[in-house]
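The values are calculated or read from the model by the stated rules, or taken from the named source; none is laboratory data. Please read these numbers as outputs of a predicted model, since none were measured by experiment. Here the Cβ is made from the backbone with ideal geometry for all residues, glycine too, and neighbour counts use every protein chain on show. To get the accessible areas, we keep the full protein, side chains included, count just its heavy atoms, and leave off ligands, DNA and RNA. Shrake-Rupley method; radii C 1.70, N 1.55, O 1.52, S 1.80 Å.
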Amino acid sequence: MKNIVLTGFMASGKTTVGKLLAKKIGRVFCDTDEMIVTHEGCEINEIFAKNGEEYFRDVEEKIVKKASEADGCVIATGGGVVLRKENIDALRQNGIIINLNPTDEVIKLRLSEAAKTRPLLSDIESALSRKRDREPFYADCDVRITITPEATPLSVATEIMKYL
């Protein structure tokens, strides 16, 4: 059974939707960011601060490879996982790539508070710029779901289930 892989910019709802979806369809949920935290023994913002983005991306690539070897899981990925083709290639071998694509309004709403603790964010406008820069990478998916302010985790999970 293929994995269901959720990609998308930070705060798009990958973890929340992924947990709900996994519960609804009776699959195991895994989150590559949580796997990285466990592997490294510290939070992601600490990894960025101590070792830099390149080190983080190297660890992320190893974790993604491990996660992609699972069977029948719902996998939530980090927002930047799409930046390395190797990650998407590994995840696609046994997975359906579903991109959660939040509108700019959603990003502004969700990141206004989270910007204090998320790596690579100094302000909301820089987040939106980063999202636009990553757009071609996020577009490399099997299914794309637009996340609007009205979308709920349940409505997004239901939309994914309809596709499946």
Going through region 13-33 one residue at a time, which ones are in a helix (DSSP H, G or I), within 12 Å of the chain's Cα centre (by Cα) and within 19 Å of Glu150 (Cα to Cα)?
Lys14, Thr15, Thr16, Val17, Gly18
Looking only at region 132-162, and only at residues there that are open to solvent by less than 20 Å² (accessible area, probe 1.4 Å) and assigned to a helix (DSSP H, G or I), the one that is farthest from Ile96 (Cα to Cα)
Arg134
Going through (1) of a type in the set (Val, Ile, Thr); (2) out of contact with any strand residue (DSSP E or B) (no Cβ under 7 Å at 6 or more places or on another chain); (3) buried (at least 19 other Cβ atoms within 10 Å of the Cβ) one by one, Val81 fails only at (2)
What number of residues within region 62-92 are of a type in the set (Asp, Glu) and not in a loop (DSSP other than H, G, I, E, B)?
2
Only one of Glu61, Glu53 that is modelled with pLDDT of 95 or more and open to solvent by 20 Å² or more (accessible area, probe 1.4 Å)
Glu61
Could you grab me the full set of residues in region 93-115 that are in a helix (DSSP H, G or I), without any contact (Cβ under 8 Å) to a residue 60 or more places away in the chain and crowded, with 16+ Cβ neighbours inside 10 Å?
Lys108
